[in-house]
Structures are given as structure tokens and as C-alpha cells.
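Trainee: Structure provided below as C-alpha cells; questions to follow.
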Amino acid sequence: MTTAPATDPQAAMRLRELVFGAACAAAVRAAARLGVADALGDTPTTVTDLAAALDTEPKPLRRLLRALTCYGIFQEAGDDRFEHTEMSRLLREDAPNSLRYISLWCTEPWTWEAWPKLDEAVRSGRNVFPELFGKEFFDYLHSEGGDSAKVFDRAMTTSSRQSAADFAAYLDLTGIDSVVDIGGGQGHVLASLLEKHPALHGTLLDLPKVVAGADPRLREGGSFSARARLVSGDCRVDIPVRADLYIIKNILEWDDESTRRTLANVVKAARPGARVVVVENLVDDSPSMRFTTAMDLMLMLNVGGAKHSEESMVRLMKEAGLDVTEVRPVNPYLHAFEATVRG
């Protein structure tokens, strides 16, 4: 007769905490929606004063703050006062690297309906969003999403601006006179590069509706308009631009066939030896693995997409006719795949 191994109390406690993870996400969302971080100044504040500023009841506010302190978001300062931590300051709307809208986006109402269907997505291999809401994700978001669409736009803009600055600092443009940002959204990366390199010329390629809302600095009359070109198009269909450098940042999250078409279109458009830099979040073992694997599961649910491993990204790039020379971190969340178009 064999006996079951004794359960480690710490393991059991950790699992209990994890299955209550929705409570933590909901608490962060509540704090962001209430504006707790914005109302809390640079000095410790009593719950009573904070509740008055937020027009909330003190007792439930205290319970919310107590829960968040367990995760390092706010901390108690004694005498029923709370103060900021490094993480809680990131929930302020005016923080330089604010994560307020990212926090709201990742906890939007649709997410609470989709996450319980994860087992169905794993079993079927299909995104569950159309079955839940009757439309594909982006169709729903922009037709019926209401405030979710606004939150999404703010979250993506904030995230793009922050990563654009990191990418501009990372990128060595020695010998590069022209660059095209493929699927570059509002063009924050391109604008950052044009700002840093006064002799550089650049093109932003994205869908017509997206390009129409490009960074004002890139549009007619903008400070970079003389060196910037806006091109409407779908990179999965054609890339009608020739440049020294092609940038593909955080868009190769569709099915592999769409990724193959995009990379093939780059190779078709570029001259042999042209430089290509693909920037992606990876699900490999890295400091950001918990975050990136969570994003990967969300993509599975809402659009049927996936984040890449280093191996899968390199394989697809090589298949398309790119010679990958190195893979380097841009920041803790992003990696750049440096490549050239095969001659």
C-alpha cells in the first residue's frame, strides 16, 4: 500500500491565491475606475479623506485598499492612512509610464465572459468570441463595444508610445536613409525615429482608417511631414514600399499563414540585403513570461491569434527568405529579430 505524499502547505496556499486571481484583477480595475491613485497625493492620506475625495463609502474603500496592499499596490502607513507604492503610481493617469488604461483594457466586461470559455478554445482550437458575441472581435469592438473601444484605443496608444521610445533608443540606424513601419498604427515608432534622426525619411503603412488617425507630426503640416509618407494598405496583401529598413512591430499575432504572407510581401518589395527588424513579445522563458503567456491566452480567446516563441518566429522568417542574424531584447517585454533579405 502506498501513501500519497504530504501536501506542501505553501503550495496549497499559493494555488488558493492563484484561483482567486480574478479578485486581484477586479480590485485593480476598481481602483483604476474610481481614480484612487489619482486622488492619493504624495503624502499618506486617511481612508476617510480619500473616500470623501472619491465620493465612496470609507469601509468598503478600506477593504479594497487592504486587498491591493497584499500585491504591493498601495501600502498602509499607520493610523488608517495609505500611501503610494511604485506600482500604485502606475495607475495614475498622469504617470509618465501609466498603466491605467492597460489595466482597464485587460479587465473590460467582455473579458469576464471570455475567460471561463478557455477550455473550449483549447479543445476546439478556435476563438470563442464570435460564439459569445455574434461577431468577430474587432467588428464587435468598433460597432457595439462602446466604452471598450475608447479604452482599447487609449491603452494601445499609451503602450505604443512607451515601447516606441524604447525601440528608438535600441535601434542603430547607421547606414539607413529610409524606413517603413509596417502595420505601425498611429506611427509612434516612426515619429520617434524621425525625431531622433533628422536626416531619416520614413513611411507608415497601415489600413486606411488607421492611417487617417496617424500622429499629427506625420500628417500634412506636421513637424515631420516633409520626411514622412502615409500609405494605406493591408500588409497581408501587398507592401508597395521600397526602403533600407522594414520594421514589423507587434502585428505578427495572427495565424501562421497571415504571418507568412506578410513576411513574403516584405521580401518581394525589398531589395536583396535590405534590413528587416521584427519586434514581438515572446512566450519563451524570460522576465515577462507570466505577462506574455497571459496575452497569448487572451489572443487565443478573442481573435484566435498567438504570441511567438523565438524558435517559431525565426522559423517563419527563414521560410519567407530572411536571414536572421540575431535576437536581442528591446526591454523586458519585447525582443527584436534582426534580419536581412536573402540575396
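The values are calculated or read from the model by the stated rules, or taken from the named source; none is laboratory data. These numbers were taken from a predicted model, which means no experiment stands behind them. When we count neighbours, we look across all protein chains shown, and the Cβ atoms used for this are built from the backbone with ideal geometry, even at glycine. Quick note on the areas: whole protein, heavy atoms, side chains included, nothing else; ligands and nucleic acids left out. Shrake-Rupley method; radii C 1.70, N 1.55, O 1.52, S 1.80 Å.
Trainee: When the label point is put 7 Å from the Cα of residue 97 along its Cα-to-beta-carbon vector, which residues of the stretch 60-80 have a backbone N closer than 20 Å?
Mentor: Backbone N within reach: 71-75.
Trainee: On to the next question. In nm, what is the difference between 0.36 nm times the number of residues separating residue 220 and residue 13 and their Cα-Cα distance?
Mentor: Result: 68.7 nm gained on full extension.
Trainee: Rank-order 172-184, 33-45 by packing density, defined as the average count of other C-beta atoms within 10 Å over each peptide's residues, highest first.
Mentor: Packing order, densest peptide first, comes out as 172-184, 33-45.
Trainee: Right, here's the next one. Would you check the accessible area of residue 105, probe 1.4 Å, heavy atoms only, in square angstrom rounded to 10?
Mentor: Result for residue 105: roughly 20 Å² accessible.
Trainee: May I pose another question? Express in whole angstrom the spacing between the alpha-carbon centres of the stretch 15-40 and the stretch 265-309.
Mentor: 28 Å
Trainee: On to the next question. Can you send over the carbon and sulfur percentage of the accessible area for the chain, probe radius 1.4 Å, protein chains only?
Mentor: 53 percent
Trainee: Need one number: nm distance between label points at residue 48 and residue 231, each 7 Å from Cα along Cα→Cβ, rounded to one decimal.
Mentor: Result for the modelled spin labels: 6.5 nm.
Trainee: For the chain, what is the accessible area per residue in Å², given a 1.4 Å probe and the full set of protein chains?
Mentor: Details: 18020 Å² over 343 residues.
Per-residue accessible area for the chain comes out at 53 Å².
Trainee: Between residue 169 and residue 131, what is the spin-label point distance in nm, taking each point 7 Å from the Cα along the Cα→C-beta axis?
Mentor: Result for the modelled spin labels: 4.4 nm.
Trainee: Follow-up. If you take the charge dipole of the chain about its Cα centre, with +1 on Lys and Arg Cβ and -1 on Asp and Glu Cβ, which of 306, 245, 107 is farthest toward its positive end?
Mentor: Going by the charge dipole, the pick is 245.
Trainee: Quick one: length gained pulling residue 323 to residue 293 fully straight, 0.36 nm per residue minus the C-alpha distance?
Mentor: Value of the extension gain: 8.1 nm.
Trainee: Okay, moving on. Among the listed pairs 209/249; 117/209; 209/268; 135/307; 196/249, which have their C-alpha atoms separated by more than 28 angstrom in this model?
Mentor: Where the Cα-Cα span goes over 28 Å, the pairs concerned are 117/209.
Trainee: Helix 256-269 sits at what angle to the longest principal axis of the chain, using alpha carbons and giving 0 to 90 degrees rounded to 10?
Mentor: For helix 256-269, the angle is close to 40 degrees.
Trainee: To continue, here is another question. Sum -39500 (n - 2.57) across every DSSP H segment of at least 4 residues in the chain, then divide by the residue count to get the 222 nm mean residue ellipticity, nearest 500.
Mentor: Estimated from H runs of four or more residues: -13500 deg cm²/dmol.
Trainee: Using only the heavy atoms of the protein chains and a 1.4 Å probe, how would 315, 227 rank by accessible area, largest first?
Mentor: The most accessible residue leads, giving 315, 227.
Trainee: When the chain is fully extended, how far beyond the present Cα-Cα distance does residue 39 get from residue 63, taking 0.36 nm per residue of separation? If you can, show how the numbers build up before the last one.
Mentor: Numbers: separation 24, 0.36 × 24 = 8.64 nm, distance 1.70 nm.
Gain on stretching residue 39 to residue 63: 6.9 nm.
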